[in-house]
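We did not get these values from a lab; they are worked out from the coordinates using the rules stated. All figures in this text were calculated on a predicted structure; none of them were measured in a lab. Reconstructed Cβ throughout: ideal geometry from the backbone, glycine too, with neighbour counts over all protein chains shown.
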Amino acid sequence: MKKNTGFFLLFLLLSSLSLFASGDKEGAGAKEIRFAWWGGDARHQATVAAIDAYNAAHPETFVKAEYQGWDGYYDKLITQLAAGTGPDVFQFVTAFFSDVRKNPELFYDLRKLEGLDLTGWSDTTLDIMSIDGKLVGTPLGQNARILVYNKDLADKLGVKIDGYFNWDQFHSMVQAAKKKDPSVVGYSGIMDQIYYALMGYLVQTSGKMFITDDVEFGFSERNLADGLAMMLTWFEDGTFQALNKTALLNSAWSDPEWLNGQVLFSETPVTQLGQQMKYGFKADITRYWVKDGAKLTGNPVGPNMMFCVNSQTAQAALVASTLNFVLTGEEGVKAMELQRGVPSNKKAYDVLVKNNMIDDMTRKAMQIVDDTDTGLYSFIDPNEIQDALKDTIQVVGFKDQTPAEEAKNFMEKGNRILSSYK
Amino acid sequence: MNKIKRKEYVGYLYILPWIIGFLTLTIAPFVSTFLFSFTDYSVLSGPKFTGLSNYVTMFTLDDLFLKSLKVTLVYVFFSVPCKLVFALFVAMILNRDIKGIGVYRTVYYLPSIFGGSVALSVLWRMLFMGDGLINRMLATLSINGPDWLGDTHYSLITISLLQVWQFGSSMVIFLVGLKQIPDYLYEAAMIDGAGKAKRFLHITLPLLSPIIFFNLIMQTINSFQTFTAAYVVTSGGPMHSTYLYALLLYDNAFRYFKMGYASALAWFLFMVLLVVTSLLFKSSGFWLHYMDSEN
């Protein structure tokens, strides 16, 4: 009896282990790929619809959708790629390049992906998606950071926003508005937004990229100290929203003062324009303020999002066919809508124009993108640098250190971090 | 002899799934993180041996290391005693024989069912935001509440309160301990004229000390490893005022992909826990009482 019990337990164990082993083998041999991306509900619905349309038209193959929100996407993806279990196709963004530039072997060279249609993109656009000459992704929507403003509030306070203004003019405009209503705040103080504003200041005053091709800061300690001093003044006089009110917020969408119509300006990447404009007040867009005579704006213009292909994919032909369908095919492009911005691919753009799918606000945003410099980043700011500069902004904003002291601290720490990326 | 061996074999077979899990999910990572802690390892590229450099960096170059360690120590030394005192207080109330006591016990235990969940942290954030429920309630009493999470003076306390609020498991264990204290001891003390305070100090506390010791050890270890609350509620801010050690470890491992350095951080935390636990065990000789002990 006991002997039987032992064998029974052993049988149970082996059975359960065999279940684990066979978990992913269903349909082995069938042509199947995994397609992963991050996004919100609208992007999920659009992409799933495009993939469903592809699957319906190609019943002999199967594209499996794997989607989630932004949080945790990158960690999971990198872990999967490192473990050799990554999806065949995955959404990526140039901001991640600093982490993977030493590992281009993770990506399929798309110029060598047979059957993939790259003719809708210019060589300049494709170069943005390249690491050491290897094309690692198909460019998606045109992007840039643009200002969004509360038009109802601006009209009420008599603030005229004609589209082009420098730092001083922006400051004067806000202060004039505050004279009429002291409770008004000029610019939403979400940390990401303040970070990009400071980055713009540093690039415009130094005339060099934030991080240069040599993986060094393009600005000096003096530039940073001056920028921080100006920001501190702006925090104090209400040009920027106070940091303690936004310390816990990730976006203007969750900023009560912006949503309640007390803040004049916020900002958004063009690719998120559709989500950003849904407020209880009339909003409009305009170009970021820029220093007069600046050689570069520091605004990351161009497509920054892409679809990459796992170098270990066993279904290269299916991947190429799927990407062609969703990126340039009429049915796929229509299903994908503008969920990743206005396509940088001319064929896709023509499909959207033909089907009247580009609204006036989006056209205006595209005009702003065209008017903004193309100071593209060859080296993207890694998370660690972003965190360090955001810490610096907080330390100065909360008056824990002076701008000069904190600029010195940042340069020491930042240079140490950058040295590990060389 | 054969029968005994066969019995052992069946026993091991019963626990084989656990043994496999323990070896692959506990021992293997335990050993590998120790080895990785001496390397520069980015996950995407193979590890490169760098000797003690990660440990040297920790103490000489990483200003966030000492900051997060300090924040964590304050968090632990505030939240653990508060939680234990509160849990004991509620346990003593729920130790009475009153009608519907089972319902009360269940209700008080509810917060702990959620554990350190994301949902609970989001709830906490909504409650304590600048214009959250707490400040709105205070406003009805004409009290201008502070910025609980946005002000560096209050943020860590607010996060700690979330830990204190999840007192249910400690409370249940205290309740079990209280039930085991014989009534005749209290009766004898009452006859001798001891009041409530004396009975608590001279009977309840000494006889409950093994339970207090157990809860203290478990909650201390648990608190040192707290992650979800700080990550979801404040992301470690503002100004790193809630930047708990587990958050520093997470950032280095999964945002900066410095797995070697993160492993070193993990091993340092392990050593800290070892020291703190050892000190607690050493100190227990002075205040721990067992009912069946001759001393």
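Can you run phi through the Karplus equation (6.51, -1.76, 1.60; θ = phi - 60°) for segment A:35-41 and list ³J(HN,Hα) in whole Hz, with x for Gly and Pro?
Whole-Hz 3J(HN,Hα) from phi for segment A:35-41: 10, 10, 7, 10, x, x, 4.
May I ask you to evaluate 6.51 cos²θ - 1.76 cosθ + 1.60, the Karplus curve with θ = phi - 60°, for each residue of segment B:257-274 and list the ³J(HN,Hα) values in order in whole Hz, giving x for glycine and proline?
The phi angles translate into 6, 9, 5, x, 5, 4, 5, 5, 4, 5, 5, 5, 4, 4, 5, 4, 4, 4 Hz.
Would you list which aspartates and glutamates come within 17 Å of A:LYS208, measuring only between C-alpha atoms, while excluding same-chain residues fewer than 8 positions from it?
Of all the aspartates and glutamates, those that pass the test against A:LYS208 - Cα under 17 Å, at least 8 places apart if same chain - are A:GLU216, A:GLU221, A:ASP226, A:ASP292, A:ASP373, A:ASP381.
Provide the net charge surrounding A:THR119, with neighbours chosen by a C-beta distance below 13 Å and charges set as Lys +1, Arg +1, Asp -1, Glu -1. Numbers along the way, then the final one.
Numbers: positive: A:ARG111, A:LYS346, A:LYS347; negative: A:ASP117, A:ASP123, A:ASP350.
That works out to 0.
Too long at a 24 Å Cα-Cα cut-off: which of A:LYS179/A:LYS390; A:LYS179/A:LYS295; A:LYS76/A:LYS278; B:LYS83/B:LYS282? Please report the intermediate quantities before stating the final value.
Values: A:LYS179/A:LYS390 30 Å; A:LYS179/A:LYS295 34 Å; A:LYS76/A:LYS278 31 Å; B:LYS83/B:LYS282 22 Å.
Pairs exceeding 24 Å: A:LYS179/A:LYS390; A:LYS179/A:LYS295; A:LYS76/A:LYS278.
Fewest to most neighbouring Cβ within 10 Å: what's the order for B:SER117, B:SER263?
B:SER117, B:SER263
Taking the simple approach of a point 7 Å from Cα along Cα-to-Cβ for both A:ASP162 and B:LYS7, what is their distance in nm?
Computed distance between label sites A:ASP162 and B:LYS7 equals 9.7 nm.
Which aspartates and glutamates, if any, have their Cα less than 14 Å from the Cα of A:LYS151, not counting same-chain residues under 8 positions apart?
Answer for A:LYS151, where 14 Å is the Cα cut-off: A:ASP162, A:GLU267, A:ASP284, listed by chain and number.
Tell me which chymotrypsin sites (Phe, Trp or Tyr not before Pro) from segment A:50-97 have a DSSP coil assignment and no more than 16 other beta carbons within 10 Å of their own. Mind dumping the intermediate values first?
Values: sites: A:TYR54, A:PHE62, A:TYR67, A:TRP70, A:TYR73, A:TYR74, A:PHE90, A:PHE92, A:PHE96, A:PHE97; in loops: A:TRP70.
Counting only loop positions with at most 16 other Cβ atoms within 10 Å, the chymotrypsin sites (Phe, Trp or Tyr not before Pro) in segment A:50-97 are A:TRP70.
Only counting other Cβ atoms within 10 Å, I'd like A:HIS44, B:HIS202 sorted with the fewest neighbours first. Don't skip to the answer; put the middle values down first.
Values: A:HIS44 17, B:HIS202 13.
Ranked by crowding around the Cβ, least crowded first: B:HIS202, A:HIS44.
Checking the cross-link filter: which lysines have an alpha carbon closer than 22 Å to that of A:LYS31, excluding same-chain neighbours under 8 positions apart?
A:LYS64, A:LYS112
In whole Hz, what ³J(HN,Hα) sequence does segment B:26-33 give by Karplus (6.51, -1.76, 1.60; θ = phi - 60°), x for Gly and Pro?
For segment B:26-33, the Karplus curve yields 10, 5, 4, x, 4, 6, 5, 5 Hz.
What percent does the relative contact order of segment A:42-135 come to when contacts are Cα pairs within less than 8 Å and at least six residues apart?
Values: 31 pairs, mean separation 16.8, N = 94.
It comes to 18 percent, rounded to a whole number.
What is the distance in Å between the Cα centres of segment B:144-201 and segment B:24-61?
41
Once each part is reduced to its C-alpha centroid, what is the distance from segment A:153-226 to segment B:75-122 in angstrom?
Using only Cα atoms to place each centre, the spacing works out to 49 Å.
Going by amide H atoms built from the backbone, whose H comes under 5 Å of the H on A:GLU66, apart from near neighbours?
Distant-sequence amide H within range of A:GLU66: A:PHE35, A:ALA36, A:TRP37.
Can you tally the net charge around A:TRP167? Count Lys and Arg as +1, Asp and Glu as -1, for every other residue whose Cβ sits under 15 Å from the Cβ of A:TRP167. Mind dumping the intermediate values first?
Numbers: positive: A:ARG287, A:LYS291; negative: A:ASP168, A:ASP226, A:ASP237, A:GLU267, A:ASP292.
Net charge in that neighbourhood comes out at -3.
How much net charge surrounds A:GLN386 when only the other residues with a Cβ under 13 Å from the Cβ of A:GLN386 are counted, with Lys and Arg +1 and Asp and Glu -1? Provide the component values of the computation, followed by the final result.
Working: positive: A:LYS390, A:LYS413, B:ARG255; negative: A:ASP99, A:ASP192, A:ASP381, A:GLU384, A:ASP387, A:ASP391, B:ASP251.
So the environment of A:GLN386 carries a net charge of -4.
Round to the nearest 10 and give me the degree value, 0 to 90, for the angle of helix A:383-397's Cα axis relative to the longest principal axis of chain A.
Approximately 30 degrees, to the nearest 10.
Ranked by Cβ crowding within 10 angstrom, fewest neighbours first, how are B:PHE86, B:PHE254, A:PHE281, A:PHE35 ordered?
Values: B:PHE86 15, B:PHE254 19, A:PHE281 12, A:PHE35 24.
Lowest count first: A:PHE281, B:PHE86, B:PHE254, A:PHE35.
Could you compute the FRET efficiency for A:GLU221 and A:SER420, with r as their C-beta to C-beta distance and R0 at 25 Å, rounded to 0.05? Show your work: numbers first, answer last.
Numbers: r = 20 Å, r/R0 = 0.80.
So the FRET efficiency works out to roughly 0.80.
How high is the relative contact order of chain A, in percent, with contacts defined as C-alpha pairs under 8 Å that are six or more residues apart? Walk me through the intermediate numbers first.
Details: 672 pairs, mean separation 111.9, N = 422.
In percent, rounded to a whole number, it is 27.
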